[in-house]
Amino acid sequence: MSGPDGEFLDAANNVAGVGHSNERVVKAGREELARIQTNGRFLHPTRSRYIRKLLDTLPEELDTIYLVNSGSEANDLALRMAKQYARMKGNKNPDHTICIDAAYHGHTQSIVDISPYKWRQCTDGQNYHKPHVHVVSVPDTYRGVHRGPNGGEMYAKEVEDIVDITGGVGSFIHEAIMGCGGQIVMPEGYLPKAYKKVRESGGICIADEVQTGFGRAGESFWQFEKYGVVPDVVTMGKPMGNGYPIGGVAVRREVAEAFAASGIEYFNTYGGNSVACAIGEAVLDAIEEDGLQKNADHVGKYLRAKLSELMAKNELVGDVRGYGLFLGVEFIAQNSTEEEIIPNADLCKFVVDHLKNNRIITSRDGPDGNVLKIKPPLTFTENDADRLMAGIEAALGDSVERN
Ligand SMILES: Cc1ncc(COP(=O)(O)O)c(C=O)c1O
């Protein structure tokens with residue numbers, strides 16, 4: 001990636017999934033812009049072709065797609081659908097949602113309500129926790145409230161308890177791997193149990209793949225595929241247009257039919273415009289033809305192994321997690337014990353800044369700001385991974401001298 005004064009290695013921007021200024025994407029967008037169709041009330045060949053290709057990436061149960069303009073819009077539409085579907089199923093609280101603490105799903109009012117990452121930042125004294133929103137713990141089996149191999153089931157119990165106490169909720173939404181929450185992978189046993197309970201109450205389960213989708217998981221095209229579940233709704237965005245605004249909502253037919261039965265016609269002026277579809281198609285073609293999902297798998301495993309080696313020799317690296325090219329490195333304090341793991345935001349900030357000064361871009365997040373986020377374009381190579389590793393090791397070396 002080039003900047004005003006030279007090259008940077010980008011290990012942070014998952015929006016540019018198929019690479020910055022990808023030629024195929026630029027060409028597709030430029031050509032289609034000369035004949036753009038918006039306000040789309042008619043079928044358009046580019047849109048039909050794109051939707052078919054996108055459906056091919058999904059399990060057959062998810063057979064209907066709505067196109068929107070951003071991840072926030074996708075999640076907002078998902079909530080509308082959940083509400084309508086749950087109402088038709090006789091659910092007691094169709095507009096109630098279970099979300100995960102520290103989750104971020106977008107910036108509109110309805111979505112900030114279900115994004116504790118955002119509303120917990122509120123400093124004006126208002127309590128942003130809305131009564132229709134039920135928050136469960138971050139399913140972190142390393143440093144969260146339930147740890148170890150049974151953590152997944154214990155976290156699922158929190159979801160089950162809310163369904164029991166309320167008599168049912170319209171939806172349960174989760175990121176496929178939590179980004180702002182600190183690169184938290186959904187633990188084994190969590191989603192199958194949580195999904196079952198929510199569905200029994202006539203609610204639906206929404207997987208937010210805005211950060212994680214489009215080949216980034218490496219072994220699978222979508223991250224949720226690693227958890228042995230098929231969501232009722234999958235929301236997507238960010239890398240879908242490689243920087244051009246496009247989002248999507250993939251749903252089971254039953255959910256789409258319930259939504260249509262509300263009688264409210266769904267219309268979106270720009271959602272699914274022909275430039276968005278041409279670009280979306282070019283992104284899918286690039287992933288396929290340039291082998292980018294395979295690359296995410298290969299380089300992701302290579303990088304993860306190197307990070308794990310680093311963890312084995314450096315006690316300040318507490319955890320390494322993630323799949324493909326969506327990885328997190330958790331920094332902890334030297335005086336941490338098994339019972340009390342102390343986050344080390346200071347060190348994480350030092351590493352991110354040190355990397356940036358050496359022209360490598362990463363970011364940090366998590367409720368304590370101590371998790372290094374690695375989510376580069378899928379064109380990231382082994383050499384890039386080596387450069388990133390050398391940068392992290394140099395930063396850790398200099399951090400010792402600093403003390
Ligand atoms: C997991 C997740 N969902 C949804 C969104 C919202 O997407 P957008 O910014 O395109 O509205 C984001 C944005 O960062 C996100 O990280």
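The values are calculated or read from the model by the stated rules, or taken from the named source; none is laboratory data. All figures in this text were calculated on a predicted structure; none of them were measured in a lab. Positions of Cβ are backbone-derived with ideal geometry, glycine not excepted, and every protein chain shown enters the neighbour counts. Calculation scope for accessible area: heavy atoms of the full protein, side chains included, ligands and nucleic acids excluded. Shrake-Rupley method; radii C 1.70, N 1.55, O 1.52, S 1.80 Å.
What residue, of GLY167, GLY203, is surrounded by fewer than 19 Cβ atoms within 10 Å (Cβ to Cβ) and farther than 29 Å from GLY300 by Cα? Please lay out each step first, then the result.
On the way: GLY203 fails: surrounded by fewer than 19 Cβ atoms within 10 Å (Cβ to Cβ).
Residue meeting the stated conditions: GLY167.
For region 338-355, name all the residues that are part of a loop (DSSP other than H, G, I, E, B) and either among the β-branched types (Val, Ile, Thr) or not assigned by TED's automatic domain parsing to the domain that holds LYS373 (or both).
Quick first cut of region 338-355, residues part of a loop (DSSP other than H, G, I, E, B) only: 338-342, 344.
Hits for region 338-355 are ILE341, ILE342.
Right, ASN335: more than 24 Å from VAL185 (Cβ to Cβ), open to solvent by 60 Å² or more (accessible area, probe 1.4 Å) and part of a loop (DSSP other than H, G, I, E, B) or not?
Details: more than 24 Å from VAL185 (Cβ to Cβ): yes; open to solvent by 60 Å² or more (accessible area, probe 1.4 Å): yes; part of a loop (DSSP other than H, G, I, E, B): yes.
Criteria met by ASN335.
Which one of the conditions (1) open to solvent by less than 10 Å² (accessible area, probe 1.4 Å); (2) within 22 Å of ASP101 (Cβ to Cβ); (3) aromatic (Phe, Trp, Tyr) does PHE214 fail to meet, given that it meets all the rest?
If we test PHE214 against (1) open to solvent by less than 10 Å² (accessible area, probe 1.4 Å); (2) within 22 Å of ASP101 (Cβ to Cβ); (3) aromatic (Phe, Trp, Tyr), just (2) comes out false.
Report whether or not ASP319 is at negative phi, open to solvent by 10 Å² or more (accessible area, probe 1.4 Å) and assigned to a helix (DSSP H, G or I). So that I can check it myself, show each step before the final result.
Details: at negative phi: yes; open to solvent by 10 Å² or more (accessible area, probe 1.4 Å): yes; assigned to a helix (DSSP H, G or I): no.
No: the conditions fail for ASP319.
Looking at the structure I just gave you, is TYR142 at pLDDT 95 or above and more than 16 Å from the ligand (Cβ to nearest atom)? Write out each step before concluding.
Details: at pLDDT 95 or above: yes; more than 16 Å from the ligand (Cβ to nearest atom): yes.
Taking the combined requirement at face value, the residue satisfies it.
Can you name the condition, by its number, that TYR85 falls short on among (1) crowded, with 22+ Cβ neighbours inside 10 Å; (2) within 16 Å of the ligand (Cβ to nearest atom)?
Failing condition for TYR85: (2).
Within region 378-388, can one find any residue that is in contact with a strand residue (DSSP E or B) (Cβ under 6 Å, 6 or more places away or on another chain), of a type in the set (S, T, N, Q) and part of a helix (DSSP H, G or I)?
no
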